[in-house]
Amino acid sequence: MTTTVLVAGATGDLGSRIVSALLDHDVHVRALTRGSSSADLDDRVEVVTAAYDDPEALRRALDGVEVVVSAVSGTRGVVVDAQRALLAAAVDAGVQRFVPSDYAADYRSITPGSNRNFELRREFAADLDAAPIRATSVLNGAFTDMLTGQAPMILFDRQRVLFWSSADQVLDFTTKDDVARVTALVALDPAAPRVVEVAGDRVTARSVADTMSRLTGKPFRLQWAGTAGTLSAMARVGRRLSKETDEPFPAWQGMQYFVSMFSGEAELHHVDNDRYGPHAWTTVEDVLAAHVA
């Protein structure tokens, strides 16, 4: 029988990629929306509507579903509260497996108070571990497109690559398309473990500087920006001075991501890129080359 997978957050950036990846397989995809537009979804996708504060509607939406894949994005109201409601409905509906919206570096060992978004994931993970349902988290480091967008590690105009503490700290990066592909395979893998770790590429600030020099023909130099501890203190000050917001990535949160990565606390230690067979992963160099072309 065809497996039915419900994707929450199916119209978002990552969620839509997961839906596309699932449709490459013999699977029935059901997209959970809250009444927003679903016009961009493939015609093969069944669309169901339910609010996260409506337990009965969520329960009906999950009828006949074997696997829930969550790709919702936000802060506490989404990562913790909405996923708790989705988890409770999944248990009530007899869903067999749940893939939470993690898709991040290893948040399990970070210092309390050092990364808000990671701690929200860790809080929900405790609920998920206590629930009578099989769960698998996909951990993939940072999204590779951060290097050319919202994460100011590479100063393209100044030909500098910033680092904190050590230029040789290993940094894990994976593209969203590769994360979506793995997530689809996890959803269809009844033997998937509690955590699947993948990394499209593993680099250091030093190797990124070398890559940029080679791609551009111009010398990109390393620039020490302080220690991870100093950056953590700056993030705390920035958070105190900022207005409370539901924005997932205010400036101070971006600092916290670099703290988690450059401190080594969020580094992946059990990467298994071959779990689902050989694959041509998109590397950091691939993304940077496309950006500077």
Under a 5 Å amide H to amide H cut-off, with H placed in plane at 1.01 Å, what residues pair with Gly200 once short-range neighbours are removed? Phe173, Thr174, Thr175
Report the one residue of Phe220, Val208, Val67 whose Cα lies farthest in the direction of the positive end of the charge dipole of the chain (charges on C-beta: Lys and Arg +1, Asp and Glu -1; origin at the Cα centre). Phe220
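Full extension from Asp24 to Thr216: what is 0.36 nm times the residue separation minus their Cα-Cα distance, to one decimal in nm?
Numbers: separation 192, 0.36 × 192 = 69.12 nm, distance 3.66 nm.
Stretched out fully, the Asp24 to Thr216 stretch lengthens by 65.5 nm.
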Could you tell me the calculated FRET efficiency between Asp168 and Arg240, based on Cβ-Cβ distance and R0 = 41 angstrom, to the nearest 0.05? 0.80
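Relative to the present Cα-Cα distance, how much length would full extension add between Thr2 and Ala293 at 0.36 nm per residue of separation?
Values: separation 291, 0.36 × 291 = 104.76 nm, distance 4.31 nm.
Between Thr2 and Ala293, full extension yields 100.5 nm more.
Which sequence of Thr33, Thr2 reflects their accessible areas, 1.4 Å probe, from the largest down?
Working: Thr33 5, Thr2 65 Å².
The ranking, largest first, comes out as Thr2, Thr33.
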For Ala104, residues with placed amide H under 5 Å, excluding near neighbours: Asn140, Gly141
For Gln223, other-chain or 5+-apart residues with amide H closer than 5 Å (H placed, Pro excluded) are Val161, Leu162, Phe163
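Report, in deg cm²/dmol and to the nearest 500, the calculated mean residue ellipticity at 222 nm for the chain, where each DSSP H run with n ≥ 4 adds -39500 (n - 2.57) and the sum is divided by the residue count. Walk me through the numbers on the way to the answer.
On the way: 9 runs with 102 residues, N = 293.
It comes out at -10500 deg cm²/dmol, rounded to the nearest 500.
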Among beta bridges that DSSP assigns inside the chain, antiparallel share in %, nearest 5: 15 percent
Can you work out the PRE-style zone for Asp81? Point 7 Å along Cα to Cβ, and I want the residues of the range 232-260 with backbone N under 16 Å. 244-248
Could you check the simple spin-label distance between Val47 and Leu155, using points 7 Å along Cα→Cβ, in nm with one decimal? 4.6 nm
Any idea what the dipole of the chain comes to, in debye rounded to 20, about its Cα centre with Lys/Arg Cβ at +1 and Asp/Glu Cβ at -1? 960 debye
Of Pro193, Ala266, Ser101, farthest towards positive along the dipole that unit charges on Lys, Arg, Asp, Glu beta carbons give the chain: Ala266
With the 8 Å Cα cutoff and a minimum separation of six or more residues, the chain has a relative contact order in percent of 19 percent
Spin-label model distance (nm) - Trp224 vs Thr111, 7 Å beyond Cα toward Cβ: 1.9 nm
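Compute the orientation-averaged projected area for the range 16-159 from the convex hull of its Cα atoms and round it to one decimal in nm². Write out the running numbers ahead of the final one.
On the way: hull surface 43.3 nm².
Directional mean of the projected Cα hull area for the range 16-159 stands at 10.8 nm².
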Which option, [x] 74, 57, 35; [y] 55, 49, 32; [z] 57, 42, 34, is the value of Cα extents along the principal axes in Å that was calculated from these coordinates? [z]
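The values are calculated or read from the model by the stated rules, or taken from the named source; none is laboratory data. Predicted, not measured: the structure shown is a model, and the values here were computed from it. Quick reminder, even Gly has a Cβ in these numbers, built from the backbone with ideal geometry, and neighbours come from all protein chains shown. Accessible surface areas use protein heavy atoms only, side chains included; no ligands, DNA or RNA. Shrake-Rupley method; radii C 1.70, N 1.55, O 1.52, S 1.80 Å.
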